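Presented below is the structure to which this report refers.
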There are 2 protein chains.
Amino acid sequence: MPEPRPSPKNETPLSRKIQATLEGDYADIRKQARELLTQPEFLPLPAGLSKEEFRKKTRERVAKFTASGLPRLPFDPKYGGGGDPKKFMQVIAMLGHADMSFFVKQGVNFGLFGMSMYALGTDKHHAKYLPPLLDGTLQGGFAMTEVGGGSDVQGVKTEAVYDHATRSFTINTPSAEGRKAFIGNAANDGEVMVVFAQLKMSKDGETQGVHAFMVPIRDKTGKVLPGVAIEDCGDKVGLNGVDNGYISFKNVRIPQADMLDRFATIDENGQYQSDTPKKTARFFKMISTLVTGRVAVAINSMSGAKSALTAAITHAANRDVFGKTLLDLPSAQTRLFPHLANAYAMHFATRLLTDKLVANDPDTETMAAAIKARASDDAMRAIDEGRLIAGGSGYMSEAVYGRLRNDVDVFRTFEGDNTVLRLLTARNRLTDNLKNNFNLSSAPGKKPEGDVLDPAYQEKLFAQRESEMLYGVTKKIADGAQAAGGLAQSADNCQDDMIAYADAYADRVMIEQFTKAVREEKDPQARAALKDLCDLFAVNTMQKNAVWLLENNFINLHQSAQLRETAQQLNRKIRPNALALVDAFAIPPQLISVPKAYVPANTAPKKAANGNTPRP
Amino acid sequence: MPEPRPSPKNETPLSRKIQATLEGDYADIRKQARELLTQPEFLPLPAGLSKEEFRKKTRERVAKFTASGLPRLPFDPKYGGGGDPKKFMQVIAMLGHADMSFFVKQGVNFGLFGMSMYALGTDKHHAKYLPPLLDGTLQGGFAMTEVGGGSDVQGVKTEAVYDHATRSFTINTPSAEGRKAFIGNAANDGEVMVVFAQLKMSKDGETQGVHAFMVPIRDKTGKVLPGVAIEDCGDKVGLNGVDNGYISFKNVRIPQADMLDRFATIDENGQYQSDTPKKTARFFKMISTLVTGRVAVAINSMSGAKSALTAAITHAANRDVFGKTLLDLPSAQTRLFPHLANAYAMHFATRLLTDKLVANDPDTETMAAAIKARASDDAMRAIDEGRLIAGGSGYMSEAVYGRLRNDVDVFRTFEGDNTVLRLLTARNRLTDNLKNNFNLSSAPGKKPEGDVLDPAYQEKLFAQRESEMLYGVTKKIADGAQAAGGLAQSADNCQDDMIAYADAYADRVMIEQFTKAVREEKDPQARAALKDLCDLFAVNTMQKNAVWLLENNFINLHQSAQLRETAQQLNRKIRPNALALVDAFAIPPQLISVPKAYVPANTAPKKAANGNTPRP
């Protein structure tokens, strides 16, 4: 196998060039985040920490992060914010490289609590809550999910009953099923929760649907307030630095002003008012503003995959097996490189998603749902493959894999269960399609033709596949409606097709953004390296979907067989660049722990690897 | 959706009929194992236990298991054994339902230590070591893997140098890379290790290859012996009840008699003697006797999957989502039922494998490799899908999923890395094929035709697929040999094909055994339920391999599209039997822990589920 091509003197190494491409306009803030995360407080914790110790350490990390001022970035300068949410997402992306509990706990506080209050509330809420939140004198949480409800958020049982005489709401948990479940910052640190509850204008009145309320649960000394009952969730599979809890409310009274009233309000006469009169429409309007967390989770899923791939590819490049390095074995390349290609594709896709989020693009919710589901599923697979490649050493707690897998695991469930999110993407796109009068332009037509390594062909193939699948599922639901007893029932019968569609949507976004990044790359060496990886992403995604492509005449059996050969050729081309491609993620080597006992002092890595290049 | 069909009075419920089929002639011993495992010592441990507490508890469980006399079962009655290894495998299958650390720690002691001593040693070793092992006064371990070696066991660095003057061996660890790694029972409890080392007849002599030696590492008080250095592996991703360690030896002297000498010995004149003169052949002969552990791991992988599927299917059948149960959603059925079908197929496949193991069938090694790799990979997927179906509640440590996933994880690595095992299966079968003069009868010919639900068609399809793949990979390796510079190099280039072949081999074994079980089922209701599940296994396996089946003209594009529809129809037929099918695993409900805080007292399960039927 060829060795990595040595760089001529004074030439920027390939990894730095690609790093510059990955970081784009945000090299400075990424550097600042790396400087923070390489301070001693953020270095990997010893294995076997108790839940209490881990929570304490995580609390300290959030405090240190708050003190750095970085969490101010996304908020309005009027309240002490930095006014640059895009920059903040660059910081967020780095946090998961240090520790996912830390990422999630700060996310509960500044994202779920801060951003939802910011998005669903109005000026008076911003003025009251943002300054102490950003000063670190207030910590909050987000109480939406309930024990009995799961993904059926519109059906939450918690009630907020309005009393016009006292201008107040009374919050109650009517049943054990209505307890708020898995709420971050509930067990120890949260003082105020954004609570989602059915708003009723009188005790026995009808609900106006789900609304959000600012509900204090602890006083400044940390004592739980009267009427609030907290149960610690205890040990979890992962994220044990986060203090999750169950919350019940019994006659907890809050002032009218603490209803978050951007989309609905109660007027002087005690009348409910909203610009969006339909309950369900109003609910989805509120919910759609809460997409930031989903984007953050997508990005950190990918950060988890990047950490694991850096560890695994470095390991494989330095591990001798039967006389060559593990990474030289075709089977190891087949196992690792598609995940590397995925991580790159997802990097560029989440860059677009972040742009859309910040620009309030109407597609954000649909795209965030598909991308978050895909990023978290793919990250789990990448981490797991890394663990396997590292063999027994990957099973030690000191290695990155087990910890990452157990943390990233729940990224597939929170901020929206991935199956529910895929159905959401499909439903949104189906609705658009039906609004456009069942867009017949996307009916199956002439198939794209060309070389699988031609970016124009790749883009066309995935775009047309997506639109044909949308056409197909729309038609299938419409055709089945009568027999099933309605469109909704018919859609239930087509869930598998809808789920598959959502992934085709993600594929299309990913290939578009990856080919765009390659096209825009100015350095020829970096462009060639990225092109191979982008090609592997395209070919691998075609392989995974070969049955569909065959059944729908996008490729023939000969082309299908050819994909395997092409993938192997690409693997061989990628091999010499593999270390540079993970080095370009610029993860501080201090954050990638390796089992010490396993790596004897006398076997220093033979090749330049991530661990050898301290980052500025 | 149809409710489970109520059983007419006095009729044996479906679940008990299927349980009888699964247990076959071994209902009594299974019952005995259940009685043991429902004693308080074996019930689920609280979450958040420290490594030390967990190890203590696991040690106590092994002691209790030893005291039960069950570990005597597989050994020769001459030394206090029960002479029934097949019965013992039935017990082993149940252990993983209680706890995998317990399964593994007893497996290290009675299996890796006891069985390897039994298989590689001779009468004098049996007489010396078996009685105290079975009395519980001796605990042992198995020191094969080294830090630097991984899967390359033939290249272990540890040395055993013979000295004829003293009739003894001196054991040494020559380098940090040669330390024994991840050795169970090393950190705390093991007194004697079966150590694999290069046998040399003099310090500077050539190695005679790898041999096994009985090496004491601790005295009766637990003190580590002079010349032995132990390093605790510390916390691991899972199996933290097992005390793994690294071991180094410095001039540790053992008597000549403690070389395990079934395959090679040293004669009166100090001359090395073996009936198998070739080093590599001798090595593989020794290694091939160590297959019991692999079978036990395959069986307990499946036990892990069964536990997770019992929990997940019970959860989904009792969970309301948007007005129906979760298990009524087609997408949930698509996610869960193929894993249930797999678990059944694997149950019947491991029954055959156990028969072969006990009968010393020459195919055992090849089959164990393919089946262990497949069972452990599939179990991880089943457990993970269960975790996802259970949503947030599945992420609590009290639920079965996280613990099982973290334990079963390493089943893919130990007792042979799954990739290495698949290559072993392929290599063994390729060798047979070449010996049979490149069996041209398996060259692609007329394809099987028939109904996908016809067992004869299913068996024929998977058998012919396997033999065509074997033919294909044999031919590919032979054709590529010249260009690659030899058969071995050409085989390296065909690793992906070899790995795919090993799974096709497993598919064939699984479908054969599943259709056989259905055919032999006497009860019509049980037969119908098993038939649907077997059909789903066949259809799902065809779907997973549809690209190959299409490319090789086994099915056409129309049939490929039809598979999805057929799978959905089967899911609908399986739905009413789903609870009975997991109930038939007869896992004591006490062993399937569910997060208590998550299931409020007022939401008792609505349907008969595993948890409601105490087992005799």
Fill in: Complete set of residues in the stretch B:448-467 that are at pLDDT below 95 and either in contact with an Asp or Glu (Cβ under 9 Å, 6 or more places away or on another chain) or open to solvent by less than 20 Å² (accessible area, probe 1.4 Å) (or both)
B:Pro448
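Consider the stretch A:37-55. How many of its residues are surrounded by 14 or more Cβ atoms within 10 Å (Cβ to Cβ) and either within 13 Å of another protein chain (Cβ to nearest Cβ) or not acidic (Asp, Glu) (or both)? Give the derivation first.
Kept after step one, since they are surrounded by 14 or more Cβ atoms within 10 Å (Cβ to Cβ), are these residues of the stretch A:37-55: A:37-38, A:41-45, A:47-49, A:51, A:53-55.
Narrowing the set further to residues that are either within 13 Å of another protein chain (Cβ to nearest Cβ) or not acidic (Asp, Glu) (or both) leaves A:37-38, A:42-45, A:47-49, A:51, A:53-55.
Number of matching residues: 13.
Counting only residues that are over 23 Å from B:Ser397 (Cβ atoms) and not in a helix (DSSP H, G or I), how many does the stretch A:385-415 have?
First, pick out the residues of the stretch A:385-415 that are over 23 Å from B:Ser397 (Cβ atoms): A:385-386, A:388-393.
If we keep only those that are not in a helix (DSSP H, G or I) as well, we get A:390.
Of the residues in that region, 1 qualify.
For the stretch B:243-283, name all the residues that are in a strand (DSSP E or B) and not polar (S, T, N, Q). Step through it out loud before you land on a result.
The first filter runs over the stretch B:243-283 and keeps only residues in a strand (DSSP E or B), leaving B:245-249, B:252-255, B:259, B:265-266, B:272-273.
Selection gives B:Gly245, B:Tyr246, B:Ile247, B:Phe249, B:Val252, B:Arg253, B:Ile254, B:Pro255, B:Met259, B:Ile266, B:Tyr272.
Report whether or not A:Ala426 is open to solvent by less than 10 Å² (accessible area, probe 1.4 Å) and modelled with pLDDT of 95 or more. Quick ask: steps written out before the conclusion?
Values: open to solvent by less than 10 Å² (accessible area, probe 1.4 Å): yes; modelled with pLDDT of 95 or more: yes.
Yes; evaluated as a whole, the condition is true for this residue.
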Worksheet item: Does B:Lys306 fit the bill of being surrounded by fewer than 24 Cβ atoms within 10 Å (Cβ to Cβ) and more than 14 Å from every other protein chain (Cβ to nearest Cβ)?
Response: no
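Which residues, counting only those in the stretch B:468-489, are touching an Asp or Glu at 6+ places or on another chain (Cβ under 8 Å) and farther than 25 Å from B:Thr566 by Cβ? Can you show your working first?
Initially, the stretch B:468-489 is screened for residues touching an Asp or Glu at 6+ places or on another chain (Cβ under 8 Å), giving B:469, B:472-473, B:476, B:484.
Once the filter is applied, which keeps residues that are touching an Asp or Glu at 6+ places or on another chain (Cβ under 8 Å) and farther than 25 Å from B:Thr566 by Cβ, the stretch B:468-489 yields B:Gly472, B:Val473, B:Lys476, B:Ala484.
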Item to complete: Find the residue count for the stretch B:56-77, including only residues that are touching a residue at least 40 places away in the same chain (Cβ under 8 Å) and either charged (D, E, K, R) or within 14 Å of chain A (Cβ to nearest Cβ) (or both).
Response: 5
Practice prompt. Determine, yes or no, whether A:Asp507 is more than 14 Å from chain B (Cβ to nearest Cβ), of a type outside the set (A, V, I, L, M, F, W, C) and either over 21 Å from B:Ala546 (Cβ atoms) or assigned to a helix (DSSP H, G or I) (or both).
Written response: yes
Worksheet item: Does the stretch B:190-204 contain any residue that is within 14 Å of chain A (Cβ to nearest Cβ) and either aromatic (Phe, Trp, Tyr) or surrounded by 19 or more Cβ atoms within 10 Å (Cβ to Cβ) (or both)?
Response: no
Practice prompt. Evaluate the following for B:Leu563: is it of a type outside the set (Lys, Arg), more than 14 Å from chain A (Cβ to nearest Cβ) and in contact with a helix residue (DSSP H, G or I) (Cβ under 6 Å, 6 or more places away or on another chain)?
Written response: no
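Does B:Glu385 satisfy the criteria of being within 14 Å of another protein chain (Cβ to nearest Cβ) and modelled with pLDDT of 95 or more?
Values: within 14 Å of another protein chain (Cβ to nearest Cβ): yes; modelled with pLDDT of 95 or more: yes.
The answer is yes for B:Glu385.
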Worksheet item: If A:Asn244 passes every condition in (1) modelled with pLDDT under 95; (2) within 12 Å of another protein chain (Cβ to nearest Cβ) but one, which one does it miss?
Response: (1)
Discussion item. For the stretch B:401-418, give me each residue that is closer than 19 Å to B:Ile499 by Cα, open to solvent by 20 Å² or more (accessible area, probe 1.4 Å) and either within 10 Å of chain A (Cβ to nearest Cβ) or modelled with pLDDT of 95 or more (or both).
Written reply: B:Thr413, B:Phe414, B:Asp417
Item to complete: Go through the stretch A:326-377 and give me each residue that's closer than 18 Å to A:Asn418 by Cα and within 14 Å of another protein chain (Cβ to nearest Cβ).
Response: A:Ala373, A:Ser376, A:Asp377
Worksheet item: How many residues does the stretch A:63-91 contain that are out of contact with any Pro (no Cβ under 9 Å at 6 or more places or on another chain) and under 19 Å from A:Ser116 (Cβ atoms)?
Response: 5
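Evaluate the following for A:Ala181: is it in contact with a His (Cβ under 8 Å, 6 or more places away or on another chain) and of a type in the set (A, V, I, L, M)?
Values: in contact with a His (Cβ under 8 Å, 6 or more places away or on another chain): no; of a type in the set (A, V, I, L, M): yes.
Answer is no for this residue.
Name the residue, out of B:Gln495, B:Gln543, that is open to solvent by less than 40 Å² (accessible area, probe 1.4 Å) and within 14 Å of chain A (Cβ to nearest Cβ). Step through it out loud before you land on a result.
Working: B:Gln543 fails: open to solvent by less than 40 Å² (accessible area, probe 1.4 Å).
Exactly one of B:Gln495, B:Gln543 is open to solvent by less than 40 Å² (accessible area, probe 1.4 Å) and within 14 Å of chain A (Cβ to nearest Cβ), namely B:Gln495.
Does B:Gly111 satisfy the criteria of being open to solvent by less than 20 Å² (accessible area, probe 1.4 Å) and among the small types (Gly, Ala, Ser)? Give the derivation first.
On the way: open to solvent by less than 20 Å² (accessible area, probe 1.4 Å): no; among the small types (Gly, Ala, Ser): yes.
When the stated conditions are applied, B:Gly111 does not pass them.
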Fill in: Candidate set from the stretch A:167-183 (those that are open to solvent by 10 Å² or more (accessible area, probe 1.4 Å) and not hydroxyl-bearing (Ser, Thr, Tyr)); member that is farthest from the other protein chains (Cβ to nearest Cβ)
A:Arg167
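For the stretch A:282-296, what are the residues that are under 19 Å from A:Ala368 (Cα atoms) and out of contact with any helix residue (DSSP H, G or I) (no Cβ under 9 Å at 6 or more places or on another chain)? Let's see the steps before the verdict.
As a first pass, look at the stretch A:282-296 and keep what is under 19 Å from A:Ala368 (Cα atoms): A:283-296.
Across the stretch A:282-296, the qualifying residue is only A:Lys285.
Rundown of residues vs (1) within 21 Å of B:Ala187 (Cα to Cα); (2) open to solvent by 40 Å² or more (accessible area, probe 1.4 Å); (3) among the acidic types (Asp, Glu), yes/no style:
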position: B:Gly234; (1), (2), (3): yes, no, no
position: B:Asn240; (1), (2), (3): yes, no, no
position: B:Asn244; (1), (2), (3): yes, no, no
position: B:Phe263; (1), (2), (3): no, no, no
position: B:Asp267; (1), (2), (3): no, yes, yes
position: B:Thr276; (1), (2), (3): no, no, no
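Would you confirm, using the coordinates I've provided, whether A:Thr314 is open to solvent by 10 Å² or more (accessible area, probe 1.4 Å), over 30 Å from B:Thr145 (Cβ atoms) and more than 14 Å from chain B (Cβ to nearest Cβ)? Spell out the reasoning first.
Numbers: open to solvent by 10 Å² or more (accessible area, probe 1.4 Å): yes; over 30 Å from B:Thr145 (Cβ atoms): no; more than 14 Å from chain B (Cβ to nearest Cβ): yes.
No; evaluated as a whole, the condition is false for this residue.
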Worksheet item: Do any residues in the stretch A:119-144 that are on the phi < 0 side of the Ramachandran plot and buried (at least 19 other Cβ atoms within 10 Å of the Cβ) have Cβ atoms under 7 Å from those of residues that are among the basic types (Lys, Arg) and not in a helix (DSSP H, G or I), where the two are at least six apart or on different chains, and which pairs are they?
Response: A:Leu120/A:Arg262; A:Gly121/A:Arg262; A:Ala143/A:Lys180
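The values are calculated or read from the model by the stated rules, or taken from the named source; none is laboratory data. Everything numeric in this text was worked out from a predicted model, so none of it was measured. Positions of Cβ are generated from backbone atoms using ideal geometry, with glycine treated the same way; all protein chains shown enter the neighbour counts. Calculation scope for accessible area: heavy atoms of the full protein, side chains included, ligands and nucleic acids excluded. Shrake-Rupley method; radii C 1.70, N 1.55, O 1.52, S 1.80 Å.
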